[in-house]
């Protein structure tokens, strides 16, 4: 049986994955920068549940914004296990590659070493198809082409599937390996029958059948039964969808399918509904057309053919069938059927407006602030079980120069110690939605609610890391931590210049805290101002903020950074600018983001409640590794 064509709308907008193999040959590893180059997607057709899919690699087809802005490198697609970020992404028209930087967390260290040792060899790219088309079809398979698609993250995984790309791997190498595998497979077939089955190879085939049957019994269902059930469900869903579109009863079709009713029951119900409507409006005629006939039928040809007396083909057949159904209050006029009552239209209630069906497009999410601390290198310590304390040296012993036979002992001195601690603080959110909305909505309401809560948590953690007060069970953020460097522009604030950016850098270097890569984080307003401010104080100079850099360091902006600070007479209009070693910012997580779906508490209201819990704390290993301006103005 050939493969069944899939409705493209069932695929567009949904997340898909495809996996690749990492190889040790020609690994581009930078130990100091902790980076590795991976090739994570190619234009080779890969099998998915709906058929084969080609990811088009033309520049206009790939949306790389998410990865280019520090997209996450995860472990097993687990959002709570971020082990790195994307530094850069490139595309040569056939293969898309990325330079990824691994985290210095314990988990990041472990995976980074495993990848180099060839132990972790699988990479899976998670992507969303926005536009696709049928590229090629045959009796046995359909091949689709994604003409607009977006990679959202890459993950190190255990089981690879797509071996056409990988670290340091070319498509020619992969093709050669596939050809060799095919030759090896042919060489392993029986020399007597070529693998068609004979007395020599039949026992092997029987053992293979026994293993398949044994696996099926272990799953309590035959393999064919399980496969058939999946196919039958897909076909049933497609039948309901097509009939709903044909009869203009899409909501009714979804309801019957959700209630487990048969297609015949739906047809009978629709016919009864149409019959009732026809009896109430005896002027309505109806002809059943297949989808193919619907696509062939042309209203324009019918009108023109009736006008010049040359009506023929399918249009003539439909015309004759409608004429048979016409009641006595119709009349013939010049070859055109004319109804003597007021006409129907799509805008007037009870006159045709009820027949319109609005098809739902892609769900449009709200615009939100952008979380940036992890993109700049903040470290996540996941899986904690109790409060964590980090011993810290706060002072050092001293050395003294003495003369010969000074007659006095060298004074005693010793280092002093302190600690930096993480203590769990609970972050929580709650929402609810109706059971009726869950059944009737054309979008996955439960997934939308879950994703919305997860994003709320991510933004809350990012905001606390930047400007958390440290009071009311809230973590203390960078701007409210004692000991960070401070650069002031003026008594009443002022517009920042290139000199102020250098002063921030100098404050950290003077404290010997420039331990790793550093970066700037500020508001979108300051970003725009620095793009218009010349670096050297003259109009011919380059701007302070160019590309994604300031003063040679990475620069990011977000509305999470406060822009309502006060300095002197500048009341509630001052912006903050943060510069620092963001890898010294630690985010501790106990357990993981937990979503509890409660269908019982609001059951009498027909509502389902979803509540989120997460225990997190934030601390700076070295406060001196950060410096801030809190009185920057845009004008």
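Observations
- The radius of gyration of the Cα set in the range 532-635, together with its Dmax, comes out at 21.7, 70 angstrom.
- For the pair residue 392 and residue 32, the difference between a 0.36 nm per residue extended length and the Cα-Cα distance amounts to 127.2 nm.
- Kirkwood-type radius of the range 457-632, with distances r between different C-alpha atoms, in Å: 17.8 Å
- Two-site label geometry, residue 415 and residue 553: point separation in nm, points 7 Å out along Cα→Cβ: 2.6 nm
- For the range 584-609 and the range 78-125, distance of Cα centres in Å: 30 Å
- Note on residue 536/residue 486: beta-carbon distance plugged into 1/(1 + (r/R0)^6) with R0 of 25 Å gives a FRET efficiency of 0.50.
- Neighbour counts of C-beta atoms inside 10 Å place 401, 590 in the sequence 401, 590, starting with the fewest.
- Of all DSSP-defined beta bridges confined to the range 457-632, some 80% are antiparallel rather than parallel.
- The simple spin-label model puts a point 7 Å past each Cα toward its Cβ; for residue 109 and residue 238 those points are separated by 5.3 nm.
- Within the range 31-49: backbone nitrogen closer than 18 Å to the residue 88 label point (7 Å, Cα to C-beta): 31-41
- Here the simple spin-label model places points 7 Å from the Cα toward Cβ, and for residue 370 and residue 428 these points are separated by 3.4 nm.
- Of the residues 619, 29, the one with the fewest other Cβ atoms within 10 Å heads the list, and the complete ranking is 29, 619.
- Ranking of 48, 257 by neighbouring Cβ atoms within 10 Å, starting from the fewest: 48, 257.
- Length gained on full extension, residue 136 to residue 48, computed as 0.36 nm times the residue gap minus the Cα-Cα distance: 30.2 nm.
Only the coordinates and a few stated rules stand behind these numbers; no lab work does. Keep in mind the model is a prediction, meaning the values are calculated, not measured. FYI the Cβ positions are ideal-geometry reconstructions off the backbone, even for glycines, and counts take in every protein chain you see.
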